[in-house]
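The values are calculated or read from the model by the stated rules, or taken from the named source; none is laboratory data. This is a predicted model, so every value here is computed, not measured. Positions of Cβ are backbone-derived with ideal geometry, glycine not excepted, and every protein chain shown enters the neighbour counts. Remember, those area values only see protein heavy atoms, side chains included, never the ligands or the DNA or RNA. Shrake-Rupley method; radii C 1.70, N 1.55, O 1.52, S 1.80 Å.
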Amino acid sequence: MIISIIGGTRGLGYWIARFLRKEGFRVIITGRDPDTGRSAAGRIGAEYCRDNVRAASLADVVVVSVPIEVTSDVLREVAPHVREGGLLMDVTSVKEEPARVMERFIARGAHYIPAHPMFGPRVSSLEGQVVVLTPSGDNPWLDDVIRFLEERKARVIVTDPSTHDRMMSVVQVLTHFAYISIAATLEAEGVDIRESRKFASPIYNLMIDTIARIVAQNPYLAYSIQTHNTYGQEMRDCFLRTATRLNEMLRDGRMDDFVAGMGLAAKNIDDVEASLGRSDKAIEALNQELIVLRNSVGQEIGIKHIYSGRVHVGVLESVTPDYAMLRSGKRVMKFKISNIRVLSEEELRRWKVENLDLRVYDVSAVFSDSVDPEVIAHLIGLLDCVVDVKIVDLYRGPQIPPDHFSLTLRVKVFDRECYEEILGVLRGIGASIR
């Protein structure tokens, strides 16, 4: 299957193109700058096409991933050229206008599904991510798209464009506006954020991290999200009226009114206990990662960068509340703790098996006839550094004492130190090494 990503040279479009290439699809990407486009295509094994119309006409599926303010124009450009039986999608943050444009301009016999992935290009996979689909009428592609996403553990929501945009006026417009307002207030007051964290509760730190995630995004995208949602201004106006009213209650000492207002707001949150539980888990997870790292200083660990996906293995030299120092050979690497995840013992072992050059040794030892060879092999296989162990020879003869046998094990291990550890274990249980 051929999939064309219109605007696939950067941002979410590039993420989608890279993801689909890994899934085995033939991918064509378009972008205005040929040098950037060819470079992006080369990195992921895709094809670059400068012409949006040609890319759309070549594909079975066309995905438009361009800035919100030009999405409708690009849809008008490519929709008439989607092949018969093909599928046109967009991935912008509003759905009413793109849906109207697709319906009007889509080629005869082609289909369309306006979509909104509720994540950005920093995520490492679809697992746990929300994708909203807003189809209209019968669509032969819908079940296949849902199945594809759910098989990759995404959470799919199917709704209509109007409902989507109303919900986004809360989920995106209101929350982003509130967080950007807080960040702007802190800046206007000259608050030293790093200093404030020294006095902070876990909730404050979690809030600052969330705010940072919002204000670190493309400000032009943030502006477009605010201004292109039909219901956005209404939601911002309501927020400002409510904030003003609460501020007046505090200014005028109207305690009962403030308490009543806060109580009503709390009731509307729905399941407060569940919300408290989720926030507790988030705080505990942040603390637990730091505890694990502190307890691992001086030991070999594996860490995975949550954005690049790269795994680094080495000895953890030191840990601060913000950074971890990892020595791998002669190289010392500094990682921001918020950007890494510590691998479990099983994950680290699996990574070693898949990425290290394993060593193979034959180990021969003499045992009493009362010893079960299979038990010995099983015992050696339990060592953390042993990848595989097999019995390759069992010998009784002139060179072996009476009532004894020689057992040869072929062991696959990570390093020479593991071989020495195996010899030590065998000697410890009374065996004579040959």
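A few notes on this one:
- The residues of region 48-60 that are in contact with a helix residue (DSSP H, G or I) (Cβ under 9 Å, 6 or more places away or on another chain), surrounded by 17 or more Cβ atoms within 10 Å (Cβ to Cβ) and not aromatic (Phe, Trp, Tyr), listed by number, are CYS49, ASN52, ALA55, ALA56, SER57.
- If you go through region 175-191 and keep only what is free of Cβ contacts under 8 Å to residues at least 40 places away in the same chain and among the aliphatic types (A, V, I, L, M), you end up with ILE182, ALA183, ALA184, LEU186, ALA188, VAL191.
- If you go through region 391-418 and keep only what is in contact with a Leu (Cβ under 9 Å, 6 or more places away or on another chain) and in a helix (DSSP H, G or I), you end up with just CYS418.
- The one condition in (1) touching a Phe, Trp or Tyr at 6+ places or on another chain (Cβ under 7 Å); (2) surrounded by 21 or more Cβ atoms within 10 Å (Cβ to Cβ) that ASP90 fails to fulfil: (1)
- Looking only at region 225-252, and only at residues there that are in a loop (DSSP other than H, G, I, E, B) and of a type outside the set (Phe, Trp, Tyr), the one that is farthest from the chain's Cα centre (by Cα): ASP252
- Of all residues in region 297-319 being over 12 Å from ILE337 (Cβ atoms), not in a strand (DSSP E or B) and not charged (D, E, K, R), the one that is least open to solvent (accessible area, probe 1.4 Å): GLY309
- Within region 23-34, the only residue that satisfies the criterion of being open to solvent by 40 Å² or more (accessible area, probe 1.4 Å) and either hydrophobic (A, V, I, L, M, F, W, C) or within 15 Å of the chain's Cα centre (by Cα) (or both) is PHE25.
- Positions within region 172-197 being of a type in the set (Ser, Thr, Tyr) and either closer than 29 Å to VAL94 by Cβ or surrounded by 16 or more Cβ atoms within 10 Å (Cβ to Cβ) (or both), in sequence order: THR175, TYR179, SER181, THR185
- Checking GLY397 against (1) in contact with a strand residue (DSSP E or B) (Cβ under 7 Å, 6 or more places away or on another chain); (2) open to solvent by less than 70 Å² (accessible area, probe 1.4 Å), the condition it does not meet: (1)
- Lone qualifier among GLY109, GLY85, GLY128, GLY137 - being within 29 Å of the chain's Cα centre (by Cα) and among the small types (Gly, Ala, Ser): GLY128
- Of all residue pairs spaced 6 or more apart or on separate chains, those with beta-carbon atoms under 9 Å, a first member in region 192-212 that is basic (Lys, Arg) and a second member that is open to solvent by less than 60 Å² (accessible area, probe 1.4 Å) are ARG197/TYR204; ARG197/ASN205; ARG197/ILE208.
- Note on region 139-161: residues that are in a helix (DSSP H, G or I) and open to solvent by less than 40 Å² (accessible area, probe 1.4 Å) amount to 5.
- Subset of region 242-270 [loosely packed, with under 10 Cβ neighbours inside 10 Å and among the acidic types (Asp, Glu)]: ASP256, ASP270
- Looking across region 341-363, the residues that are over 13 Å from VAL425 (Cα atoms), in contact with a strand residue (DSSP E or B) (Cβ under 7 Å, 6 or more places away or on another chain) and either assigned to a helix (DSSP H, G or I) or open to solvent by less than 50 Å² (accessible area, probe 1.4 Å) (or both) come down to VAL342, LEU343, GLU347, LEU348, TRP351, VAL353, TYR361.
- In region 70-96, the residues that are part of a helix (DSSP H, G or I) form Cβ pairs under 9 Å with partners that are of a type in the set (Phe, Trp, Tyr), at six or more places apart or across chains, as follows: LEU75/PHE105; LEU75/TYR112; ARG76/PHE105; GLU77/PHE105; VAL78/PHE105; ALA79/PHE105; ALA79/TYR112; PRO80/PHE105.
- Criterion: at pLDDT below 95, outside any loop (DSSP other than H, G, I, E, B) and of a type in the set (A, V, I, L, M) - qualifying residue of ALA222, ALA200: ALA222
- Exactly one residue out of MET207, MET249, MET235 is at pLDDT 95 or above and over 30 Å from THR71 (Cα atoms): that is MET249.
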